[in-house]
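So the structure is just underneath, and the comments pick up after that.
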Amino acid sequence: MEIAFFFTPVALRIGWADSSGWREREIRGPHVCVIPAGLLHECRLDSETELLVLYVERSLFRRVIKEKLASVIIAPSAHHDLVLWFLAMALRQLCTDSAARDAWMIDGISARLVRRLAGRLGTGGAETDLRRRALSLTALDKVQRFMEANLKHDIHVADFAKQTGHSEAHFSELFRARTQLSPYQYLKEIRLLKAYQLILTGDYLLREIALEVGYVNPDHFSEIFRKTFRESPSVLLARARGASENSRR
């Protein structure tokens, strides 16, 4: 099956054939489309855009969603999942940089990305109930912007809750219902994915990157990064710098 991530605001018209005939739909903005294997379809864009397309074995999705996909899925809930988009951007950056390209790393990040997207799609059948018991998308956007602006600072659940007007306990419950992660888990994902992007530039020292994403102790940062990505940040940084030097020659 095909998964397409459209990173920049763009008008996309997608058409596909199903049992009722030919269907078309227009969407705008950053979006995720899932297209089942073997489905006749076409996509038309009104302008150039940055995108990432993954081709995934159906069995990987079926293990998570537990149902057969028979038509195109437009994933509006995934649009607000910052962790999902950070994973997609990290994967796109890794695939674009030929010198830093590592098949093992690409497979690992791709698997995390697909599992997270499948988990988001798996909540689609309960969208009405989700809206009743989960943090609103407006509030989630506000919290995500606060997180991104304060990654280097010592921030806590109380700080996030203040952005929405909820108590800490109630905010944590609503946040988990919306994202399937606790606020701290979500913040950790964003910090590590931001660190991954900074490492790939080859422009910073590890201690600078650690401080930029909120880790005072570089050794602790390296340990968490390695456990998450199964790759030493120092090794990844050395490869990124080697790629930068080779490109200047």
Under 6 Å between Cβ atoms, at least 6 apart or on separate chains: pull out the pairs that start in the range 29-54 with a residue that is farther than 24 Å from ILE106 by Cβ and end on any residue that is modelled with pLDDT of 85 or more. LEU39/TRP16; LEU40/ALA17; HIS41/TRP16; HIS41/ILE35; GLU42/GLY15; ARG44/ARG13
Failed item, numbered, when VAL235 is tested on (1) assigned to a helix (DSSP H, G or I); (2) surrounded by 14 or more Cβ atoms within 10 Å (Cβ to Cβ): (2)
If ARG191 passes every condition in (1) surrounded by fewer than 19 Cβ atoms within 10 Å (Cβ to Cβ); (2) closer than 19 Å to ALA90 by Cβ; (3) out of contact with any helix residue (DSSP H, G or I) (no Cβ under 7 Å at 6 or more places or on another chain) but one, which one does it miss? (1)
Residue pairs within 8 Å by beta carbon, gap of at least six or interchain, first lying in the range 170-199 and in contact (Cβ under 8 Å) with a residue 24 or more places away in the chain and over 23 Å from ALA118 (Cβ atoms), second among the hydroxyl-bearing types (Ser, Thr, Tyr) and part of a helix (DSSP H, G or I), listed first then second, are PHE171/THR164
Kindly establish whether GLN163 is part of a helix (DSSP H, G or I), under 19 Å from ALA90 (Cα atoms) and not charged (D, E, K, R). no
Restricting attention to the range 11-49, report how many residues are farther than 21 Å from ARG120 by Cβ, surrounded by 12 or more Cβ atoms within 10 Å (Cβ to Cβ) and at pLDDT below 85. 4
Mind listing whichever residues of the range 200-214 are at pLDDT below 90 and of a type in the set (A, V, I, L, M, F, W, C)? LEU200
Evaluate the following for SER98: is it modelled with pLDDT under 65 and either of a type in the set (S, T, N, Q) or crowded, with 18+ Cβ neighbours inside 10 Å (or both)? yes
Is the range 210-220 home to any residue that is in a helix (DSSP H, G or I), under 27 Å from ALA118 (Cβ atoms) and touching a residue at least 24 places away in the same chain (Cβ under 8 Å)? no
Checklist (1) within 23 Å of LEU84 (Cβ to Cβ); (2) buried (at least 16 other Cβ atoms within 10 Å of the Cβ) applied to TYR184, failing item: (2)
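The values are calculated or read from the model by the stated rules, or taken from the named source; none is laboratory data. Since this is a predicted model, take the numbers as computed values, not measurements. Using ideal geometry, Cβ is built from the backbone for each residue, glycine included, and neighbour counts are taken over all protein chains shown.
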